[in-house]
Amino acid sequence: MNARDIFGGGVAVITGAGAGIGAGLARHAHRLGMSVVLADIDGAAVAALRDEIVADGGAAVDLACDVRDPEAVAALAERTYRDVGPVRLLINNAGVEQFGYLWDTPVANWNRVMDINVSGVFHGVRAFLPRMIAAEAAAWIWNLSSIGGVATVPLQAPYIVSKHAVLALTECLRLEVQLAGHDDHIHVQAVLPGAVKSNIFEAAGGVSADLAGADVDAADSQRDAMLAIKAGAMDPLDAAEVLFEQSAHGGFYLLTQPEQVRSAMTERAESLRTLTPPQLRNKGRFESAEH
Ligand SMILES: NC(=O)c1ccc[n+]([C@@H]2O[C@H](COP(=O)([O-])OP(=O)(O)OC[C@H]3O[C@@H](n4cnc5c(N)ncnc54)[C@H](O)[C@@H]3O)[C@@H](O)[C@H]2O)c1
């Protein structure tokens, strides 16, 4: 079955739909004939995307929602089931980046990454999955991890931690859905994108110059290095098409750039198997960041 057969006519809820990968997923879901519920902390961004999709003949609803707030995510589920219909696809996509040495990272920035990237996914599962189970219709949950979910990267530790966590959460969730006997209609899948064009590096947290001795240059140079990768990154609409087709084919790990992400997976598996400690790569790139 292809993605249109499976998802066409259904309802998709996408968090962080206002930009980047989430907006690409929303546009492609619309092209497949889905009704889309666009949720984002940036209400103006999702309102503009709703107008675009509606003007193109689609069905779209926008809601301002901060995924850090469990009550806001519960209200998103409540309104979706009441006003739009049963959800065929929930995409827990909202996520943020953070640059700098871990010991320079402001507590608020650490909490921001964990609250959005990890707790936001948990809140989505808690708000939607019981309703999906009760509806007894086929439903999918995609959680956004990353190639960073199988990698170790200096100067991005909070983000990398969060993406490993989302991967583990999603793997455990899949087992729990099986254990509880709901895998006949509930499909849990982990999304691991490689580099995709988005606003994530511009919106990322950094290091405060107010903190005595904090290495602001290290954080800034890592942000610059990541921004440089953006030029060769994948278009979000292309990424969305790949992910929808892979999901329809039933795999668990959905990879925007299968070759690149699988190579990181193999490397991770191999370093654990051989007990090889994490290795610094492209050390030149981090030279300005060395203490
Ligand atoms: N872009 C990439 O190369 C890449 C690679 C791997 C994984 N990812 C993951 O993809 C997901 C989307 O990232 P992106 O690159 O499109 O980023 P982006 O910054 O372009 O978009 C993220 C969206 O999330 C929204 N958002 C931020 N905080 C929120 C909150 N508290 N509640 C609701 N919405 C919130 C933002 O307003 C924005 O619209 C993230 O989980 C990210 O970790 C991205």
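Of the residues making up the stretch 1-27, those that are part of a loop (DSSP other than H, G, I, E, B) and open to solvent by 10 Å² or more (accessible area, probe 1.4 Å) are M1, N2, G8, G9, G16, G18, A19.
S221 passes every criterion in (1) over 23 Å from the mean Cα position of the chain (by Cα); (2) buried (at least 17 other Cβ atoms within 10 Å of the Cβ); (3) farther than 28 Å from D235 by Cβ apart from (3). Just one of the numbered conditions (1) acidic (D, E); (2) within 13 Å of the ligand (Cβ to nearest atom); (3) open to solvent by less than 50 Å² (accessible area, probe 1.4 Å) is not true of D104; which one? Failing condition for D104: (2).
Conditions tested, residue by residue: (1) more than 15 Å from the ligand (Cβ to nearest atom); (2) free of Cβ contacts under 8 Å to residues at least 12 places away in the same chain; (3) closer than 22 Å to I6 by Cα.
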| site | (1), (2), (3) |
| --- | --- |
| V242 | no, no, yes |
| E245 | yes, no, yes |
| G250 | yes, no, yes |
| L280 | yes, no, no |
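Scanning the stretch 121-159 for residues that are open to solvent by 10 Å² or more (accessible area, probe 1.4 Å), of a type outside the set (A, V, I, L, M), within 30 Å of F201 (Cβ to Cβ) and away from the ligand (no atom under 11 Å from the Cβ) gives F122, R126, W140, T152, P154.
Which residue is nearest to I6 (Cα to Cα), if the candidates are limited to the stretch 28-58 and must be open to solvent by 50 Å² or more (accessible area, probe 1.4 Å) and away from the ligand (no atom under 12 Å from the Cβ)? Ranking the candidates gives R31 first.
The residue pairs whose first member lies in the stretch 99-114 and is of a type outside the set (D, E), whose second member is outside any loop (DSSP other than H, G, I, E, B) and open to solvent by 40 Å² or more (accessible area, probe 1.4 Å), and whose beta carbons are closer than 6 Å, counting only pairs six or more residues apart or on different chains, are F99/R223. When V96, V113, V118 are checked against the criterion of being in a helix (DSSP H, G or I), surrounded by fewer than 24 Cβ atoms within 10 Å (Cβ to Cβ) and in contact with a helix residue (DSSP H, G or I) (Cβ under 7 Å, 6 or more places away or on another chain), V118 stands alone in meeting it.
The values are calculated or read from the model by the stated rules, or taken from the named source; none is laboratory data. Note that the structure is a prediction, hence the values are computed from the model and not measured. Every residue, glycine as well, gets a Cβ built from its backbone with ideal geometry; the counts of neighbours run over all protein chains shown. Keep in mind that these areas ignore ligands, DNA and RNA; they rest on the heavy atoms of the full protein, side chains included. Shrake-Rupley method; radii C 1.70, N 1.55, O 1.52, S 1.80 Å.
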